[in-house]
């Protein structure tokens, strides 16, 4: 075989390698794809490794592991990293040239991937200083969703998400402080896994907010992210924020219980935000979320009322309180005052706004006390029953809507804040979270376009393995959700008519009622044994296809988003 052009999903790639495909062929195909994609999003890569170097690494795999029966789990698997990860001899920019440096050593998580046989392809674009959830805050250029050039990619791990979604790498290393893995995962229809904070070393990763940072993973499936997590996790005494060894070896994280290897769906309960909290969602997101709830119940999940208070309150702490000031501690002393004009205008505004509050040490301690209270409340809510092994999780829309680049250019700070309404609390409460694709919907932007929807499922501290086990059995049914009824208005409440889709509301209600009445699911059995599940999903899709909603007109010409955002920031820098 002298040519290869197939899937980079790790399982598929390993099958090809077993069949005799050489990693060099895979590398050549990757660089062919990268070259073609340059015409679509030329600012994807901040550093692209020379193909000759990657080819040399691919050839070296045979020397390092001559026995094909003893290959490591990531043998020949290509990956990218967010440009906040140190790699010896390659500049780390953090999306900010004035803070760029060239490290002499590589981050531990990168080294663990290389030691497991992975092939490094490049460093990707990101929101500057890992501060942002849109992908519109990079001096290297604004990226867009892989599904539409009009809609934001999500951030701050924006380039990482694109490199995975476009099949340029198998996985990407990123970081998640306030949603920086989960939001771009959703907006690009892939999986984002944020493990328990402190279980993957952040040594050699430029910090954003040290107490809240979490090394995280992007892949096309949860199985991919789990495989990489298993390689990367583990205690690192050089990381002062790492969970101590007793936690690392806790059965909550590394249980070898046979239940982990069963194909059946484990018992689970789930809560959702109250209706009042979901009002921030766009109408189509509200409808899609109802479909997710219905399917989770059909799969055997028990929906229960959970107290939303600690989640909402913790969300406010991250940017509404003093915690945001920790981002400034990552800068050299006096750097901000001397160099703030070199920052992206929106980033500068974020920092200036935080400083303008004139918070005191007393304010910080009050917020820390609140955090401790909310964490304890969350621990009592998101549990694993020791006898039944029933897992209690929280299910939320990953984001409340999908904004266009133009909309963000007009209100970069306000929209960014709204995007995190279901994301900011995860690290404040020390939770584990997985963002999953949940089908698509259609919008009209001149031409009809398809956009993704997704949810994040959250579990308690240290329950990574249990959550992954659950998610792997929910993933395919949720991914198959499809709704052709999308409104072309992406922001909740910005179009009065978009909230009046009575036909759609009735359809969703009827689906929920009919499926619950007609389909009896034995919740004590694995969902694979519920023979009518596929029929239920088909019925949902058929019903949705019968209904059509009117699409509002959209502006045909987009403004230059970067210029608009900079102008906005300059005019509002004192806000």
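The values are calculated or read from the model by the stated rules, or taken from the named source; none is laboratory data. Bear in mind the structure is a predicted one, so any value in this text is a computation, not a measurement. Cβ atoms come from the backbone with ideal geometry, glycine included; neighbour counts cover every protein chain shown.
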### Query
Listed residues 368, 331; which is within 18 Å of residue 210 (Cβ to Cβ), at pLDDT below 95 and out of contact with any strand residue (DSSP E or B) (no Cβ under 7 Å at 6 or more places or on another chain)?
331
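Has region 282-298 got any residue that is assigned to a loop (DSSP other than H, G, I, E, B) and crowded, with 20+ Cβ neighbours inside 10 Å?
Scanning region 282-298 turns up at least one residue that is assigned to a loop (DSSP other than H, G, I, E, B) and crowded, with 20+ Cβ neighbours inside 10 Å.
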### Message
Could you check region 1-20 and list, in sequence order, the residues that are within 11 Å of residue 77 (Cβ to Cβ) and either in contact with a helix residue (DSSP H, G or I) (Cβ under 6 Å, 6 or more places away or on another chain) or at pLDDT below 95 (or both)?
### Response
10
### Single residue of 467, 458, 436 found to be modelled with pLDDT of 95 or more, buried (at least 24 other Cβ atoms within 10 Å of the Cβ) and part of a helix (DSSP H, G or I)
467
### Summary
Here, helices (runs of 4 or more DSSP H) confined to region 1-83 with at least 1 residues that are under 28 Å from the mean Cα position of the chain (by Cα) and free of Cβ contacts under 8 Å to residues at least 60 places away in the same chain are 10-18, 23-37
### Message
Within region 117-145, take every residue that is in a loop (DSSP other than H, G, I, E, B) and touching a strand residue (DSSP E or B) at 6+ places or on another chain (Cβ under 7 Å) and give me the one that is nearest to residue 330 (Cα to Cα).
### Response
126
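For the subset of region 251-273 comprising residues that are in a loop (DSSP other than H, G, I, E, B) and buried (at least 16 other Cβ atoms within 10 Å of the Cβ), which member is modelled with the lowest pLDDT?
Going residue by residue through region 251-273, those that are in a loop (DSSP other than H, G, I, E, B) are 255-257, 262-267, 272-273.
Keeping just the survivors that are buried (at least 16 other Cβ atoms within 10 Å of the Cβ) gives 255, 265-267, 272-273.
Values: 255: 46, 265: 87, 266: 90, 267: 94, 272: 98, 273: 98.
Of everything passing the filter in region 251-273, 255 is modelled with the lowest pLDDT.
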### Set 306, 317: member being part of a loop (DSSP other than H, G, I, E, B) and under 24 Å from the mean Cα position of the chain (by Cα)
306
